[in-house]
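The values are calculated or read from the model by the stated rules, or taken from the named source; none is laboratory data. Small disclaimer: the values here were computed from a predicted structure and weren't measured. Positions of Cβ are generated from backbone atoms using ideal geometry, with glycine treated the same way; all protein chains shown enter the neighbour counts.
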Amino acid sequence: MDAVISSKPRHIAIIMDGNGRWARRRGLPRVAGHRRGVETVKNMVPICGKRGIPYLTLFAFSSENWNRPSAEVKLLIELLHTTLENEMRRLHEHKVRLRVIGELSRFPRKLQSKIDEAHELTRSNRALNLTIAINYGGQWDMTQACQSLAELVAAGEMTPDAITPALIESHLCTSELPPPDLFIRTGGEQRISNFLLWQLAYTELYFSDTYWPDFDEQCVDEALAHFAGRQRRFGKTGEQVRGESA
Ligand code: IPE
Ligand code: IPE
Ligand code: MG
C-alpha cells in the first residue's frame, strides 16, 4: 500500500541545467539554449498534468548567476519577462497557479510588477502549482527566514526556544509547498548549486546527463521510473517500511 502511495512524486523540483552546452554543441550562442529551454518548461506543464503531479518547482536563475557576463544576465532577465508576458494567460487557462520565489527586489521594477500580476491572476488555480525560483539561493532563503524570526524575538513577540524546524519552514519562501519528493538535475553535473537546501533534506535525487532543452516526456518518465524504484525510509529500516516485523 505504502509503495503504491509513494510511487508517484507529489512535488518535483528541477535544476534546469545544460542550456549553454546544448547551444555550444550546435555552434549557437548560449542564449539560443536558454530560448530552447523555455520550450521545455512549457512542455513540462502538460507532462505533469497528464501524470497527476500537482507541484513543480523550477530553478531558473540562481543568486550566483549574476556572476555571468552581463550580456547573458540581461538576456536571461528579458527572457523571463517576455515568457511571463506571453505565457501568463495560457497558464491561467490551464488552471496553473504560478509562484515566483527568490529575492525579487533585485529585478527591474517592470518585471516585479509582471510577477505580481501573474500571482494575482493565477491565485485561485488548483491544477498545477508551478513555482519558478529566480535570484534564489538556499542560503539566502534560510538567512531571510532567520532574519524574520530574529525580528519577532527582538520585538518580544516570541522567545528563542519557540524556534522549531516547523517554524523555520513556515518562514522559508516555499512555506506553501510540500517538500520535494523528487529532485532532478539535468545537464550531467551532480551538485545542488545552492537550490532548496533545507527543503531537499529527504528528497530522492536524480541526475540526468541530458541537457535541459532535450529533456522530453520520455526523460521525465525515466526519472519517474527511478523514483518508483526507490524505498523512502525516512530513518526507519527497510523492514519497517515494508510493514514486516524485524
Ligand atoms: C541553465 O543552463 C540555465 C541557467 C543557469 C540560467 P546553463 O546556462 O547553466 O547551461 P550550461 O551549464 O552552461 O550548459
Ligand atoms: C544552477 O545552474 C542554477 C540554475 C539552473 C538556475 P548553474 O549552471 O548556474 O550551476 P553551477 O554554477 O554550474 O553549479
Ligand atoms: Mg550550468
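The figures follow:
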{"read-out": "Subset of the range 33-61 (residues that are more than 19 Å from residue 22 (Cα to Cα) and either within 18 Å of the chain's Cα centre (by Cα) or within 16 Å of ligand 2 (Cβ to nearest atom) (or both))", "value": "45, 46, 47, 48, 49, 51, 52, 53, 54, 55, 56, 57"}
{"read-out": "Which listed residue, of 158, 142, is in a loop (DSSP other than H, G, I, E, B), surrounded by 11 or more Cβ atoms within 10 Å (Cβ to Cβ) and out of contact with any strand residue (DSSP E or B) (no Cβ under 9 Å at 6 or more places or on another chain)", "value": "158"}
{"read-out": "Count - residues of the range 182-213 that are within 12 Å of ligand 3 (Cβ to nearest atom) and among the small types (Gly, Ala, Ser)", "value": "3"}
{"read-out": "Subset of the range 85-114 [surrounded by 18 or more Cβ atoms within 10 Å (Cβ to Cβ) and either under 16 Å from the mean Cα position of the chain (by Cα) or closer than 16 Å to residue 178 by Cα (or both)]", "value": "96, 97, 98, 99, 100, 101, 102"}
{"read-out": "Qualifying residue in the range 215-232 (condition: in a loop (DSSP other than H, G, I, E, B), more than 25 Å from residue 54 (Cβ to Cβ) and either over 18 Å from the mean Cα position of the chain (by Cα) or within 16 Å of ligand 3 (Cβ to nearest atom) (or both))", "value": "no"}
{"read-out": "Filter pass, residue 122 being free of Cβ contacts under 8 Å to residues at least 12 places away in the same chain and more than 10 Å from ligand 1 (Cβ to nearest atom)", "value": "no"}
{"read-out": "Count - residues of the range 59-113 that are in a strand (DSSP E or B) and on the phi > 0 side of the Ramachandran plot", "value": "0"}
{"read-out": "Scan of the range 1-32 for residues that are at pLDDT 95 or above, in a helix (DSSP H, G or I) and away from ligand 2 (no atom under 15 Å from the Cβ), ordered by number", "value": "25, 32"}
